[in-house]
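Engineer: Below you'll find the structure I mean.
The values are calculated or read from the model by the stated rules, or taken from the named source; none is laboratory data. Note that this is a predicted model, so its numbers are computed, not measured. Methodologically, a virtual Cβ is constructed for each residue, glycine included, from the backbone with ideal geometry; neighbour enumeration extends over all protein chains shown. Side chains included, ligands, DNA and RNA excluded: accessible areas come from the protein's heavy atoms. Shrake-Rupley method; radii C 1.70, N 1.55, O 1.52, S 1.80 Å.
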Amino acid sequence: MSSAFVKETEGGEAFEDLPDRPISEHPNFVTPEGLAQIEAEVARLRNAFSALTPDAKADESRVTRDLHYWTARLGSAQLVEVEPGDVVRFGSTVTILREDDASQTFRIVGEDEADPTKGSLSYVSPMARALTGKGVGDTVEVNGQEIEITATA
């Protein structure tokens with residue numbers, strides 16, 4: 001990309017004013033593991049901030065932005081103790097059977113700890129919302145597909 005299209009500040013740093021990371025309007029429910037992850041991220045970013053050198057303006061902007069986000073998330077975190085049961089709820093591990101007979105297991109967690117590639121879904125995701133309050137044998141429709149709950153823990 002031509003430098004003509006990059007807005008630079010007087011000091012020549014294009015990354016000086018990064019926008020804040022958006023913070024969800026939903027309650028910040030977290031599992032005990034999710035709270036530990038947020039605490040670890042805040043500690044990591046505080047250490048990174050302390051280690052910044054004066055010539056690392058782009059790094060400083062990123063670290064400051066991320067530290068602001070994670071500190072806010074830590075301050076708003078609402079720890080939810082996971083209670084196993086027969087009904088899908090926050091913290092549940094759910095196994096579903098799709099129409100194509102594919103089985104999938106995932107855990108319903110907080111927004112910041114969700115990672116579908118690792119088997120966790122945010123409690124505000126369409127699938128988690130459709131399954132919440134349901135039990136083994138119940139079916140729900142998500143994205144035009146029927147899904148049956150085959151196990152909960």
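Engineer: Collect the residues in segment 119-144 that are in contact (Cβ under 8 Å) with a residue 12 or more places away in the chain and charged (D, E, K, R), keeping them in residue-number order.
Structural biologist: If the condition is that a residue be in contact (Cβ under 8 Å) with a residue 12 or more places away in the chain and charged (D, E, K, R), then Lys134 is the only one that fits.
Engineer: For segment 131-153, which positions are crowded, with 17+ Cβ neighbours inside 10 Å, under 14 Å from Arg107 (Cα atoms) and among the hydrophobic types (A, V, I, L, M, F, W, C)?
Structural biologist: Residues satisfying the conditions are Leu131, Ile149.
Engineer: Of all residues in segment 65-85 being free of Cβ contacts under 8 Å to residues at least 40 places away in the same chain and over 14 Å from the mean Cα position of the chain (by Cα), which is most open to solvent (accessible area, probe 1.4 Å)?
Structural biologist: Step one: list which residues in segment 65-85 are free of Cβ contacts under 8 Å to residues at least 40 places away in the same chain, which gives 67, 70-71, 74-75, 83.
Filter again for over 14 Å from the mean Cα position of the chain (by Cα), leaving 67, 71, 75, 83.
On the way: Leu67: 33, Thr71: 59, Gly75: 72, Glu83: 111 Å².
Ranking the candidates gives Glu83 first.
Engineer: Which of the residues belonging to segment 13-39 are out of contact with any helix residue (DSSP H, G or I) (no Cβ under 7 Å at 6 or more places or on another chain), among the small types (Gly, Ala, Ser) and assigned to a loop (DSSP other than H, G, I, E, B)?
Structural biologist: Once the filter is applied, which keeps residues that are out of contact with any helix residue (DSSP H, G or I) (no Cβ under 7 Å at 6 or more places or on another chain), among the small types (Gly, Ala, Ser) and assigned to a loop (DSSP other than H, G, I, E, B), segment 13-39 yields only Ala14.
Engineer: Further question: As an exercise: evaluate Asp101 against (1) loosely packed, with under 13 Cβ neighbours inside 10 Å; (2) acidic (Asp, Glu); (3) more than 30 Å from Gly137 (Cα to Cα) and give the number of the one condition it does not meet.
Structural biologist: Failed condition: (3).
Engineer: Another question about this same structure. Taking Thr93 as the residue in question, decide whether it is of a type in the set (S, T, N, Q), open to solvent by 30 Å² or more (accessible area, probe 1.4 Å) and under 14 Å from the mean Cα position of the chain (by Cα).
Structural biologist: For Thr93, the condition - of a type in the set (S, T, N, Q), open to solvent by 30 Å² or more (accessible area, probe 1.4 Å) and under 14 Å from the mean Cα position of the chain (by Cα) - is not met.
Engineer: Continuing with this model, one more query. When the residues of segment 108-118 are filtered to those that are surrounded by 14 or more Cβ atoms within 10 Å (Cβ to Cβ) and without any contact (Cβ under 8 Å) to a residue 40 or more places away in the chain, which remaining residue is nearest to Ala153 (Cα to Cα)? Talk me through it step by step, then tell me what you get.
Structural biologist: Restricting attention to segment 108-118, the residues satisfying the condition of being surrounded by 14 or more Cβ atoms within 10 Å (Cβ to Cβ) are 108-114.
If we keep only those that are without any contact (Cβ under 8 Å) to a residue 40 or more places away in the chain as well, we get 108, 114.
Numbers: Ile108: 11, Ala114: 18 Å.
So, considering only residues that are surrounded by 14 or more Cβ atoms within 10 Å (Cβ to Cβ) and without any contact (Cβ under 8 Å) to a residue 40 or more places away in the chain, the one nearest to Ala153 (Cα to Cα) is Ile108.
Engineer: So, in segment 135-153, how many residues would count as being in a loop (DSSP other than H, G, I, E, B) and closer than 29 Å to Ile23 by Cα?
Structural biologist: The number of residues fulfilling the criteria is 1.
Engineer: Oh, and also: Tally up the residues in segment 65-90 that are touching a helix residue (DSSP H, G or I) at 6+ places or on another chain (Cβ under 7 Å) and assigned to a helix (DSSP H, G or I), please.
Structural biologist: So the count comes out to 6.
Engineer: Which residues, counting only those in segment 100-131, are outside any helix (DSSP H, G or I) and either within 20 Å of Gly75 (Cβ to Cβ) or small (Gly, Ala, Ser) (or both)?
Structural biologist: Ala102, Ser103, Val109, Gly110, Ala114, Gly119, Ser120, Ser122, Tyr123, Val124, Ser125
Engineer: For segment 40-57, what are the residues that are over 14 Å from the mean Cα position of the chain (by Cα), surrounded by 13 or more Cβ atoms within 10 Å (Cβ to Cβ) and part of a helix (DSSP H, G or I)?
Structural biologist: If the condition is that a residue be over 14 Å from the mean Cα position of the chain (by Cα), surrounded by 13 or more Cβ atoms within 10 Å (Cβ to Cβ) and part of a helix (DSSP H, G or I), then Val42, Arg44, Leu45, Arg46, Ala48, Phe49, Lys57 are the ones that fit.
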